[in-house]
Each structure stands twice: as structure tokens, then as C-alpha cells.
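The structure appears right after this line, and notes come after that.
The values are calculated or read from the model by the stated rules, or taken from the named source; none is laboratory data. Everything numeric here is computed off the predicted structure, so don't read it as measured data. Positions of Cβ are backbone-derived with ideal geometry, glycine not excepted, and every protein chain shown enters the neighbour counts.
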Amino acid sequence: MSISSVDQVEFGTELGPWKPDTSIECTSAFAEAVGWGRAARFSDHEAARAEGHAGAMVPGIMGMGFLTTLIRTWAPEAIIEEIDTVFRAPMIADEAIEVSAVVTDIDEDERLVELDLTIRNDAAETRLFGTARLRFS
Amino acid sequence: MTLDDGPPTLAGMDIEELKSRYLNLEFDRKDFRIDPQRAATVARLSGETRAECIDPDHPEFTVPHAYLASLASGRHLPIDFPKLGGLPIDGGKAVRCFKPVKPDQTLTGRTHLHDIYDKSGRSGRMIFLVSRMELHNAEGELLATSDSKMIIRERS
């Protein structure tokens, strides 16, 4: 369900979990779109392993992109004023992840909502976490 | 130990002196042309499906946060910053928007070190360096900031 105003937001509301497309085709195209070219660590599992990684990775900022999509799908009319992400551990391309968030604070006077953000892998290990602040009109 | 005592090592790094020498001094300035199609591609690959997010011609289209974060992927430290000698890790990114960022314009990114701090844990000491890029439009208005967090882990 999407919402359009701060008075529809309830403390503790959970967003997701949502499983985005982490295929290596997508991680590779994402890296190219942000100007990193076809970097092996995002586009080739074997080459990434040769560089010492567990496999080709999902760019950390792609995780930020998944989180903003989750938020904007829930609150299309809100503005994401700030999003802060901590890259705790690599996300591996072609491996499923779950993107979720929870409402942690509501300021109805200022029309602000704060969220805690999490991306976990299939083993329920946190790969990325953070916070976001939204402003409703 | 201070920075004047020879090549610095992570074990002897004086955080307060680093802060006094390097915080809040612009060390990099770069212009970026915001490509509408690339910005829309970033949104689409992030799972967006709505026209206002993936159609750069839509009147409400704005540059996604992840694309703004990518602009700060260049140099994160002043050119004269001491060699820290540890293992650098990309610790994360943060974006703060003050005004909507529209595509097809040139932004100027001005970067400074915003914060330096350390933490000690079971795996040893880590130094955190936060570089902040301020993104201004052609009129000089501050549209957004993009923070990059670099973690230097002390070698054991």
C-alpha cells in the first residue's frame, strides 16, 4: 500500500521485504551507467574471484538505489531528503537479497519521517544498513 | 607522534592533528554533465518502473540519489594527505538533497574532508575518513551533498 501524507504513516510500519534483480547483467549495466565501465568486479565472477572477491559484486550504491525504490514505491509523493548507507559486507551478483525498511520516527509538525534500512542476503546476514529521512508536502 | 615526525603509521596517527590540518578545506573541484539517459538507467536498474523515475523527459524526473552518490567515486583525499598504510574499505555513501536535481545540466562538485575519527574493536583500530562533495548548479546554488566513507583498518 502506498501513502501520500504524513498522517497516514504509523510508527513501526515495515516496508518490504523486496527482492530486486541482482543478476550480473544488471550489476554490470549499472556500473557502466555510472561511468565505471565494465569493471570485472561487477561484471565477471571469475575475474572478480581472481581479484580476491567472493564473486562479482552488486555495487554498494546500487543497494542505495534499491532502497530508494522501496521507499518511493511506498511513499511516491515524499521527497527523500537524506539517505545514509553503510556498506557492511559485499553483496554478490546473482545471489538473492532482501531489501526492507521500518519507520522509526514521525514528526507530523515538520512532516518528516525517518526509516531504518536493511539489505540482507539469503542467509539473513546484513550486507548493507542505513537510515533515510523523508519529507511530505 | 605527529605528522612532522616522519612517515606516519596508522598505529601512531594523531587524529586531532589530521583534523586540524585537513578538515573542511576544499581539495578537489570537478564539473559533471548529468546525462539524462544514464540517470534514468540507474533508476531502472534499481527497480524503478514509474515514468517519473525512468523517463528523463517526464516533467517530474529527477536524478536518482544513487547516481549522485556515484559522482563522488573519484579522489577522496587531499593530494598531500599522509599515506595511512592500512587496508582501505569503501564504508558507505550518503546523499542529502536540498533541491531537486534535474538532468541535462552541468554540476560542479567541490570536495572536502568532512570528518575523521577512529574506533577500536576486537579486530583492531580503524580510521574513518568522510569526504563530502557539494554539488552546485551553474548559478552556484547548493543542490545536494554526497558523502563517501573510507575505512582504513589497522594491519594486524
So, B:LEU129, is that one modelled with pLDDT under 95 and either of a type in the set (Ser, Thr, Tyr) or in a strand (DSSP E or B) (or both) or not?
yes
The helices (runs of 4 or more DSSP H) lying entirely within segment B:8-93 that contain at least 3 residues which are more than 14 Å from chain A (Cβ to nearest Cβ) and closer than 29 Å to B:PHE128 by Cα are B:15-22
Among the residues of segment B:94-130, write down those that are of a type in the set (D, E, K, R), more than 13 Å from chain A (Cβ to nearest Cβ) and in contact (Cβ under 8 Å) with a residue 40 or more places away in the chain.
B:LYS102, B:ASP104, B:ARG110, B:ASP118, B:ARG125
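Conditions tested, residue by residue: (1) surrounded by 20 or more Cβ atoms within 10 Å (Cβ to Cβ); (2) of a type in the set (Asp, Glu); (3) outside any strand (DSSP E or B); (4) in contact with a Gly (Cβ under 8 Å, 6 or more places away or on another chain).
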| residue | (1), (2), (3), (4) |
| --- | --- |
| B:THR108 | no, no, no, no |
| B:HIS112 | no, no, no, no |
| B:ASP115 | no, yes, no, no |
| B:LYS119 | no, no, no, no |
| B:ARG125 | no, no, no, no |
| B:GLU139 | no, yes, yes, no |
| B:ILE152 | yes, no, no, yes |
Please go through (1) over 21 Å from the mean Cα position of the chain (by Cα); (2) at positive phi for B:THR49 and return the number of the only condition it doesn't satisfy.
(2)
Against the definition (surrounded by 15 or more Cβ atoms within 10 Å (Cβ to Cβ) and more than 8 Å from chain B (Cβ to nearest Cβ)), how does A:GLY60 come out, yes or no?
no
What are the pairs, 6+ residues apart or on separate chains, where a residue within segment B:55-69 that is of a type in the set (Ser, Thr, Tyr) has its Cβ under 7 Å from a residue that is surrounded by 15 or more Cβ atoms within 10 Å (Cβ to Cβ)?
B:THR62/B:VAL101; B:THR62/B:LYS102; B:TYR67/A:VAL34; B:TYR67/B:ALA39; B:TYR67/B:VAL42
Report yes if some residue within segment A:29-52 is surrounded by 14 or more Cβ atoms within 10 Å (Cβ to Cβ), among the small types (Gly, Ala, Ser) and within 16 Å of the chain's Cα centre (by Cα); otherwise report no.
yes
Quick count over segment B:53-71, residues being within 15 Å of B:CYS97 (Cα to Cα) and surrounded by fewer than 24 Cβ atoms within 10 Å (Cβ to Cβ), is 3
Only one of these is touching a His at 6+ places or on another chain (Cβ under 8 Å), touching a residue at least 60 places away in the same chain (Cβ under 8 Å) and more than 14 Å from every other protein chain (Cβ to nearest Cβ): A:ASP94, A:ASP7, A:ASP105. Name it.
A:ASP94
